[in-house]
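*Asks:* After the structure tokens below, expect a handful of questions from me.
The values are calculated or read from the model by the stated rules, or taken from the named source; none is laboratory data. What you see is a predicted model; the values in this text were computed from it and never measured. Cβ placement follows ideal geometry from the backbone for every residue including glycine, while neighbour counts extend to all protein chains displayed.
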Amino acid sequence: MDLASSDILIQGGGPVGLACAAWCLQKYPQAKITLLDRNPLDDADLAAADSRGIALSHGSKILLDTINAWPSECADIHRVHVSQAARLGRALMTREELNQDALGHIVRYRDIHLTLRQALRAIQKVSPNFVWQHIKDGDEPSSIHAKCIVHAEGGLFKKQDWVESGRDYEQSALVGLVEVENAAPHQAWERFTAEGPLAVLPSHYGPNILNLVWCGSPQSSQHRLKLNDAEFLASLQNEFGSRIGRFLKIQDRRLYELGLNYRKQITKDNEVWIGNAAQTLHPVAGQGLNLGLRDAYLLAEKLAEVFARPTEEHSLASIQHALEIYSQSRKIDRTTTIGLTDFMARIFTSNLAPVVLARGLALSALQWLPPVKTALARQMMFGRR
């Protein structure tokens, strides 16, 4: 295929861009797609990269299974315990309440990235018009004309080249791996402290090796990052408590700045934005990548439908119409997920006495109102489609 001309140009070779390409080609193998990937060409370079644990919902697993892109190493979540540190309010969610195999899964970011690469390579073998172009740092891609441009460049908060709507939470997330004394298998803990959420999540390394996500002010987080291991573990123990015994080891500490950045309009003419190129969220509800994967899946459905038609029907008007339908179909899910995540990020960092009391009562009410708890859990697992 002539690289200078494509039906669909996907900019970004992260998980959302890879998944979008794979679903488009699965639904229409003859699609003329060019994928611009700025990640390293060698899988070994990716394997040595981002090792942080990412929360993927059971709904995301169902979607990724359709293209054989589920990582072999993951940790299932069967129970989630939510509480306030030293204050009223707690709730427990279990897979049995929802009649599901799991509430969610924890996967290393690099594993989901590599597995999606492998899945796309398998689909590429039966996709004669697909071009996967790797671009080295500092290089610019050749000019490519495309009927539809998909922006999936991703990026972390404050490291993106666009800012539209949202807020800076003035928080950082310190992530790492902790070894504990007595963890319950397949259980996730989210504890809301005076500075923000502190999550301890399962990992595939074993029941007592857990993923840590500790949110706090930038100053506190930087201080914790610089502590020696013994001091850090003592501080963590004091904040989290003794529900899982003693914290024994910490490794691979990293910091990420937290904020909300989102586009009000995700389409313009023949362009569309998905994943972190459309919205970057706080990790409090673990919804960022899940929302991005739903973006990619539903966009692929619309694009495959358009480009499977005869070429004379690939007009700019028909493409714009398909993108407008896609944009409308994503409104409820985006608005609900962005709003819920933003609300949780703000309400659980406030130390105003009425707010502290209200959220404690809300957590307690959640425990005793199963329909509300089930509705919230299903939103986290499957979104709104």
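*Asks:* Can you find even one residue in region 36-43 that is of a type outside the set (Phe, Trp, Tyr), assigned to a helix (DSSP H, G or I) and at pLDDT below 90?
*Replies:* Taking region 36-43 as the starting set, the residues that turn out to be of a type outside the set (Phe, Trp, Tyr) are 36-43.
Imposing the further condition that a residue be assigned to a helix (DSSP H, G or I) reduces the set to 43.
Narrowing the set further to residues that are at pLDDT below 90 leaves 43.
Looking for residues that are of a type outside the set (Phe, Trp, Tyr), assigned to a helix (DSSP H, G or I) and at pLDDT below 90, one finds at least one in region 36-43, hence yes.
*Asks:* Now a separate question. Starting from region 37-48, take each residue that is touching a residue at least 60 places away in the same chain (Cβ under 8 Å) and list its partners that are of a type in the set (Val, Ile, Thr) and surrounded by 12 or more Cβ atoms within 10 Å (Cβ to Cβ), counting only C-beta distances under 8 angstrom and pairs at least six apart or across chains.
*Replies:* Close Cβ pairs (under 8 Å, with a partner that is of a type in the set (Val, Ile, Thr) and surrounded by 12 or more Cβ atoms within 10 Å (Cβ to Cβ)) amount to Asp37/Ile135; Arg38/Ile135.
*Asks:* Quick check on my filter: what residues within region 225-245 are closer than 20 Å to Trp189 by Cα, of a type outside the set (A, V, I, L, M) and at pLDDT 95 or above?
*Replies:* Residues of region 225-245 that are closer than 20 Å to Trp189 by Cα, as a first pass: 232-245.
Okay, now just the ones that are also of a type outside the set (A, V, I, L, M), so 232, 235, 237-243, 245.
Answer for region 225-245, where residues must be closer than 20 Å to Trp189 by Cα, of a type outside the set (A, V, I, L, M) and at pLDDT 95 or above: Phe232, Ser235, Gln237.
*Asks:* Same structure, new question: Just to be sure I understand, how many residues within region 127-140 are under 27 Å from the mean Cα position of the chain (by Cα), in a loop (DSSP other than H, G, I, E, B) and closer than 14 Å to Ile10 by Cβ?
*Replies:* Total satisfying the criteria: 1.
*Asks:* Within region 222-236, can you find the residues that are in a helix (DSSP H, G or I) and farther than 17 Å from Pro197 by Cβ?
*Replies:* Correct list: Gln222, His223, Leu225, Lys226, Asp229, Ala230, Glu231, Phe232, Leu233, Ala234.
*Asks:* Given the conditions (1) in contact (Cβ under 8 Å) with a residue 40 or more places away in the chain; (2) assigned to a strand (DSSP E or B); (3) more than 18 Å from Ile274 (Cβ to Cβ), report the number of the one that Asn182 does not fulfil.
*Replies:* That leaves (2) as the condition not met.
*Asks:* What number of residues within region 22-40 are more than 15 Å from Lys302 (Cβ to Cβ), under 23 Å from the mean Cα position of the chain (by Cα) and not small (Gly, Ala, Ser)? Before the answer, list the steps.
*Replies:* Looking only at region 22-40, we keep the residues that are more than 15 Å from Lys302 (Cβ to Cβ), and these are 22, 29-30, 32, 34-40.
Checking which are under 23 Å from the mean Cα position of the chain (by Cα) leaves us with 22, 35-40.
From the residues that got through so far, the ones that are not small (Gly, Ala, Ser) too are 35-40.
Adding up the residues that qualify gives 6.
*Asks:* Moving to a separate point now. Give the residue, chosen from Lys264, Lys226, Lys268, that is among the charged types (D, E, K, R), surrounded by fewer than 17 Cβ atoms within 10 Å (Cβ to Cβ) and in contact (Cβ under 8 Å) with a residue 12 or more places away in the chain. Show your work before the answer.
*Replies:* Values: Lys226 fails: in contact (Cβ under 8 Å) with a residue 12 or more places away in the chain; Lys268 fails: in contact (Cβ under 8 Å) with a residue 12 or more places away in the chain.
Being among the charged types (D, E, K, R), surrounded by fewer than 17 Cβ atoms within 10 Å (Cβ to Cβ) and in contact (Cβ under 8 Å) with a residue 12 or more places away in the chain holds for just one of Lys264, Lys226, Lys268, which is Lys264.
*Asks:* Related question: Take the residues in region 296-345 that are closer than 19 Å to Ile10 by Cα and of a type in the set (Phe, Trp, Tyr); name whichever of them is modelled with the lowest pLDDT.
*Replies:* It comes out as Phe307.
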